Amino acid sequence: MTTHGDPATRSGAPAVATRTGPPHVAEEPSATTGDDSLPSALSGLREAIGAARYPLALPSAGAARQTAAALTDQLDDYLLPRLARLDAPLLVVVGGSTGAGKSTLVNSLVKARVSAAGVLRPTTRSPVLVCNPSDAAWFRQGDLLPGLTRTTEPSEDSRTLQLVTAPALPAGLAFLDAPDIDSVVDANRALATQLLAAADLWLFVTTAARYADAVPWELLRSARARGAVIAMVLDRVPAEATDEIAAHLGEMLAEQGLGQAPLFVLPETWVDGQGLLPEAVTASLADWFARLAADADARTAVVRQTLDGALAALHPAVEELADAADEQIATADALDERVRAAYRGAERTAEQGLQDGRLLRGEVLARWQEFVGTGELFRTLEARIGRLRDRVVAAVTGRPAPATELRNAIESQLVTLLRGVASEAAESAYTGWKAHPAGAELLDPALAHPSDDLPERAERMVRDWQRGVLELVRVEGGDKRFVARTAAYAVNATGLAVMIAVFASTAFIPTGLEVATGAGTTVAAQAVLQAIFGDQAVRTLAAKARTDLLSRVRTLLDAEADRFLSRSAEARPAVEVGDGLRRAAGRVELARHRSGLSADGDTPPAVDEEGSR
């Protein structure tokens, strides 16, 4: 530690900074108890915050996770335990920048070397809490800052809290020497912020050389927003610059709405052999704390002011969490819609493929012509279909080998169609997600293509559909005596004709393209079916077979879409998360005003019975 000098007060400081007594806040009645109590409302908020997740890669997600963690820490570390014991010792967290002299100041105030001080940085590697021996039990039991392991020995672990007793420190008051707020160690910075959020009173230490640094002011603004009680120490001030620097700092505090914060100016001086500042240097600050420790009402008032300020700050912070949760859900919905749109397009393409005659070309056409004979024969049969029905049926059903080949050709064409539309949908859905940062985080390269087992599942689906068509013919055929008389051959042949008919137009009226493409075979199939079942029955069978096929196609493509949708579902927060957070925050705000902690006496905002504002 370097030089220090005589204490001084700043020039032109606000009245509260020069008062001789401790800060005072009008005391209010005790917090209520029961189902609508403040502790109960805070526990509900704690649960709601814990249930919220922000997994999708959005700009708001990182900030929301940090805010949620900070609020959870504050609820666990300070708000819930402090509400349970408003009469517990006042905790003063001593914070500040690297090398500001925090540890030396704490040691000097308690008149013992309880916290390590030196030139190495960071000096305070784990927090040190010093209190009067009579108050040790309260801090030892771990209700306050429960996430820190208690120890009585110095530690290098930032997650430990070293407890030290000092008889010179008045009962009812405790100092916690926190790590540097601008430490080079990330864990130390995070812990410093966490500890300051658990303070009843912030004692902020800065120096003449660093009082304008950005990091301290960021935390001071945070403290102001939360209504925390703050006292400032301006350390190592050259005697010739005391008035000028103190006045400038006072102006800066006033500009930030912190003009009422007491300011103690400690000039440059030497430390003694114990590393302590001369008592004359710290006398004004020690005096101020002594009066605060001796006045239980004043201590309680400080606790209530800081507690109420922290509670009041919960609502806007939780509203931000709720908005971030809503954005997660909206983004998940948008990603899902990109996938569904891609696979709806695949369904439409498949349906169009059943209507535009493309499946009547190539292999299916060749096998169908082999199965039923030449186009010339069918033109002859068409003219005499009523009289020659039985002979036609015999010709149609008497060639099992061509029937098998036709069925295989239909299966192959359908599977090819389905593989094509599934491939296009996968590529479209993949591209849609890749264009969105949140979607890109969920992608796997395999999603850019259909499932490896899609061909096998498509083949199985088509075979199941074909069996379904045969069952449809067997059960719903117009002439049940005919089906019984001609047995399996008639059902098989008629079923194949129905399948061919499905590949024609929806209304089962062949278009010119279909006739040209199929060389008249669609017309022939229609004639055969009409002769066997009647015109209306033909239309009904074809429509039902088509509907069944499209339903199976939809199921197949839905399973493909689920490869994407299952990923977004895992990342999707529950729909009610945002509203749940708002209701929980509303209950806390209502309970805060009912509790009597608030000193402003304002009428609380209108709150509905669910707690929403």
Exercise. Which of (1) assigned to a helix (DSSP H, G or I); (2) among the aromatic types (Phe, Trp, Tyr); (3) under 21 Å from PRO89 (Cα atoms) is the odd one out, the single condition TRP217 does not satisfy?
Worked result: (3)
For this session: Any chance you could count how many residues in segment 238-268 are over 21 Å from ARG224 (Cα atoms) and assigned to a loop (DSSP other than H, G, I, E, B)?
Result: 1
Exercise. Restricting attention to segment 258-289, which residues are under 49 Å from the mean Cα position of the chain (by Cα) and among the β-branched types (Val, Ile, Thr)?
Worked result: VAL265, THR282
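Kindly provide the set of residues from segment 33-54 that are touching a residue at least 60 places away in the same chain (Cβ under 8 Å) and in contact with a Pro (Cβ under 8 Å, 6 or more places away or on another chain), ordered by number. Working first, answer last.
We begin by selecting, within segment 33-54, every residue touching a residue at least 60 places away in the same chain (Cβ under 8 Å); these are 36-38, 40-42, 44-45, 47-49, 51-54.
Those that are touching a residue at least 60 places away in the same chain (Cβ under 8 Å) and in contact with a Pro (Cβ under 8 Å, 6 or more places away or on another chain): ALA52, ARG53, TYR54.
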Problem set entry | Within segment 158-194, tally of residues that are farther than 14 Å from LYS102 by Cα, in contact (Cβ under 8 Å) with a residue 24 or more places away in the chain and outside any loop (DSSP other than H, G, I, E, B) | 13
For this session: Give segment 263-297 a look and list any residue that's within 29 Å of ARG82 (Cα to Cα) and out of contact with any strand residue (DSSP E or B) (no Cβ under 9 Å at 6 or more places or on another chain), or say none.
Result: ALA286, ASP287, ARG291, ALA294, ASP295, ALA296, ASP297
Problem set entry | Filter result (surrounded by fewer than 21 Cβ atoms within 10 Å (Cβ to Cβ), small (Gly, Ala, Ser) and part of a helix (DSSP H, G or I)) within segment 564-579 | SER566, ALA569, ALA571
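Quick one: is ALA174 under 22 Å from LEU266 (Cα atoms), assigned by TED's automatic domain parsing to the domain that holds TYR211 and hydrophobic (A, V, I, L, M, F, W, C)? I'd like the intermediate steps shown before the answer.
Values: under 22 Å from LEU266 (Cα atoms): yes; assigned by TED's automatic domain parsing to the domain that holds TYR211: yes; hydrophobic (A, V, I, L, M, F, W, C): yes.
When the stated conditions are applied, ALA174 passes them.
So that you can scan it fast, the table gives a plain yes or no per residue for (1) over 34 Å from the mean Cα position of the chain (by Cα); (2) modelled with pLDDT of 95 or more; (3) surrounded by 21 or more Cβ atoms within 10 Å (Cβ to Cβ); (4) part of a helix (DSSP H, G or I):
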position: THR540; (1), (2), (3), (4): yes, no, no, yes
position: ASP562; (1), (2), (3), (4): no, yes, no, yes
position: VAL588; (1), (2), (3), (4): no, yes, yes, yes
position: ASP602; (1), (2), (3), (4): yes, no, no, no
position: PRO605; (1), (2), (3), (4): no, no, no, no
Exercise. Of ALA137, ALA84, ALA112, ALA68, which residue is closer than 22 Å to ALA286 by Cβ and among the hydrophobic types (A, V, I, L, M, F, W, C)?
Worked result: ALA112
Exercise. Residues of segment 580-598 being closer than 8 Å to LEU38 by Cβ and either free of Cβ contacts under 8 Å to residues at least 60 places away in the same chain or not basic (Lys, Arg) (or both), which ones?
Worked result: VAL588, ALA591, SER595, LEU597
For this session: Would you please name the residue that is modelled with the highest pLDDT, looking only at residues in segment 409-445 that are over 17 Å from GLY345 (Cβ atoms) and in contact with an Asp or Glu (Cβ under 8 Å, 6 or more places away or on another chain)?
Result: VAL415
For this session: Give me the pairs, please: first residue somewhere in segment 301-316 and in contact (Cβ under 8 Å) with a residue 40 or more places away in the chain and over 13 Å from LEU71 (Cβ atoms), second residue anywhere and outside any helix (DSSP H, G or I) and aromatic (Phe, Trp, Tyr), beta-carbon distance under 9 Å, and either six or more positions apart or on two chains.
Result: THR306/TRP202
For this session: Please determine, by comparing only the residues of segment 136-171 that are under 22 Å from LEU83 (Cβ atoms) and crowded, with 21+ Cβ neighbours inside 10 Å, which one is modelled with the lowest pLDDT.
Result: LEU144
Exercise. Would you pick out the residues in segment 219-252 that are of a type outside the set (Gly, Ala, Ser), without any contact (Cβ under 8 Å) to a residue 40 or more places away in the chain and farther than 24 Å from THR104 by Cα?
Worked result: ARG221, ARG224, GLU244, HIS248, GLU251
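Within segment 303-388, considering only helices (runs of 4 or more DSSP H) that don't extend past its boundaries, which have at least 3 residues that are modelled with pLDDT of 90 or more and crowded, with 18+ Cβ neighbours inside 10 Å? Please lay out each step first, then the result.
Details: elements: 314-355, 362-372, 375-383.
Because the criterion is at least 3 residues that are modelled with pLDDT of 90 or more and crowded, with 18+ Cβ neighbours inside 10 Å, the helices (runs of 4 or more DSSP H) in segment 303-388 that meet it are 314-355.
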For this session: Assess whether ARG224 counts as being outside any helix (DSSP H, G or I) and either surrounded by fewer than 22 Cβ atoms within 10 Å (Cβ to Cβ) or on the phi > 0 side of the Ramachandran plot (or both).
Result: no
For this session: Considering every residue within segment 272-282, establish whether at least one is outside any loop (DSSP other than H, G, I, E, B), at pLDDT 90 or above and crowded, with 16+ Cβ neighbours inside 10 Å.
Result: yes
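The values are calculated or read from the model by the stated rules, or taken from the named source; none is laboratory data. The shown structure was predicted, so the numbers you read here are calculated from the model rather than taken from an experiment. Cβ: placed from backbone, ideal geometry, glycine included. Neighbour counts: every protein chain shown.
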